[in-house]
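Worksheet for the structure shown next.
The values are calculated or read from the model by the stated rules, or taken from the named source; none is laboratory data. Not measured: the values here are computed from a predicted model. Cβ: placed from backbone, ideal geometry, glycine included. Neighbour counts: every protein chain shown.
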């Protein structure tokens, strides 16, 4: 088995109804992602992200997260799992919502591109024609 070329780490936070928490001005969830070159760096990002979120958790959630941060043997097991190609997840559920930190190996990092069909060429008016070419409004999400 070839080792993964990178590791993707992510924080997914939802409210008690399951809707994403932390929206941008256009109403899209604010992504908290990180791409690491090694499982150790991915694990470091996960631990830093959990640590940064501690004050936003309730008392019980804080205790669960604090215990996870203090379990260094578990951190080594998680790093080994990532190195072996297995994804990992750590979840804290509170009365106000759910926090899920995950990391997974990825084989290659490819740029995301739109697989939309190419737009049709604009019609060209005949030479000497006084008629203008119709205008087209193309939208690519």
Those residues of region 84-97 which are part of a strand (DSSP E or B) and within 17 Å of residue 55 (Cβ to Cβ), in sequence order = 92, 94, 97
Within region 62-94, can you find the residues that are more than 19 Å from the chain's Cα centre (by Cα) and touching a residue at least 60 places away in the same chain (Cβ under 8 Å)?
-> 83
Residues of region 28-40 being surrounded by 16 or more Cβ atoms within 10 Å (Cβ to Cβ) and either modelled with pLDDT of 95 or more or assigned to a helix (DSSP H, G or I) (or both), in sequence order, are 39
Looking at region 66-96, which of its residues are modelled with pLDDT of 90 or more and in contact with a strand residue (DSSP E or B) (Cβ under 7 Å, 6 or more places away or on another chain)?
-> 68, 78, 81, 82, 85, 87, 88, 89, 90, 91, 92
Restrict the check to region 59-68 and report whether at least one residue is outside any helix (DSSP H, G or I) and loosely packed, with under 12 Cβ neighbours inside 10 Å.
-> no
